[in-house]
1. Would you mind finding the longest exposed-site-free stretch of the chain, with exposed GluC sites (Glu not before Pro) meaning DSSP loop and at most 12 other Cβ atoms within 10 Å?
2. Run the helix sum for the chain: -39,500 (n - 2.57) per DSSP H stretch of 4+ residues, divided by residue count, reported at 222 nm to the nearest 500 deg cm²/dmol.
3. Suppose all protein chains stay in the model; what accessible area per residue would a 1.4 Å probe give for the chain, in Å²?
4. Of R106, R155, R163, which is the most mobile in a GNM of the chain whose springs link Cα atoms less than 10 angstrom apart?
5. Would you mind telling me the share, in percent, of accessible area of the chain contributed by carbon and sulfur at probe 1.4 angstrom?
6. Taking the chain as the reference, fit the longest principal axis to its C-alpha atoms, fit the long axis of helix 198-213 to the helix C-alpha atoms, and give the angle between the two in degrees, 0 to 90, nearest 10.
7. When the Cα centres of segment 21-87 and segment 165-209 are compared, how far apart do they sit, in Å?
8. Mind giving me the FRET efficiency for I144 and D172? R0 is 25 Å, r the Cβ-Cβ distance, nearest 0.05 is fine.
Amino acid sequence: MARRTSSSRHAAAAATDDAGAESKSALTRARILDSAAHVLSSKGYAGLRLTDVAASAELQAPAIYYYFPSRDELIEEVMWAGIANMREHVIAALDALPDGTAPLDRLLAAAEAHLRHELEISDYTTAAIRNAGQVPLEIRKRQIREEERYGEVWRGLLNDLSREGGLRREFDPYVAQMLVLGALNWAVEWWDPRRGSIEAVVANAQCLIRHGLSTGPTPGQYH
C-alpha cells in the first residue's frame, strides 16, 4: 500500500521562523523529513542511515546538515511530529462529529482515526510508535511531552464514558486508556495489508472496545 507523508508541512512549519513560507529551503527541509520518516518507519533507529535519507530525498548526504546539525536531531523532529500530527488528526475527527454524539461513539471514532493515521496516512506516526523504545531518552523528551498531550484527549474520552455510566464498573479509566492505546499502537507491528484490510482492523478494534469496555449497546453510527 502506498503511504503518504503529508505530515511534513506541519513539521517544517513548526521549526521555521515563517510558518507560511513555501520557500525552496522549507520545501527541501520538508522533503528531508518525509524521507527520514519513511526510512525510520521501515528500518528503525539503528538502521537509519543519512545516505538512505538523502537518496530518498534526492539530495547529497552532506546537504542534510544544512537543515539538521545531527542525525539525532533529524530523528527527534520526526518522532515529535509523528505524535503531534496524530493528536491533531484525532482531534479533527472528533470535532467533525455531530453535536451530541454519544461518548462511546466518540471513543470508537477516535480509535478509527488513530488506526488509519498510523497504518495508512503517516510514516511519521508509524516511525514514532515503532521506535519509541529504541531511541535514547534525550531524543524522546519532546515526543513524551506530546504523548502526554495526546493522552489527555483519550483521558477525556474515557472519563466522559465513565461519567455517563457507559464504562464497566470494574474498569479504571486510566488503565482502560493505556490498554486501548497499547493495543492500537501495536497494530503497526503486526498488520499486513496483504492479510486483511484496514477496514477489518478498525471494525475489530471497535468491536473489542464496544463489547469490552461498554456496559451495554449505545445507538450510533459505529454499531
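The values are calculated or read from the model by the stated rules, or taken from the named source; none is laboratory data. Keep in mind that what you see is a predicted model, and the values were worked out from it rather than measured. So basically every Cβ, Gly included, is an ideal-geometry build from the backbone, and we count neighbours across all protein chains shown. Each accessible area value is taken on the protein alone, full model and side chains, heavy atoms only, with ligands, DNA and RNA left out. Shrake-Rupley method; radii C 1.70, N 1.55, O 1.52, S 1.80 Å.
1. The answer is 59-169.
2. Taking each H run of at least 4 residues, the total per residue is -22000 deg cm²/dmol.
3. 51 Å²
4. R163
5. Working: 5930 of 11370 Å².
Carbon and sulfur atoms account for 52 percent of the accessible area of the chain.
6. 40 degrees
7. Centre-to-centre distance over Cα atoms comes out at 30 Å.
8. Here the calculated transfer efficiency is 0.70.
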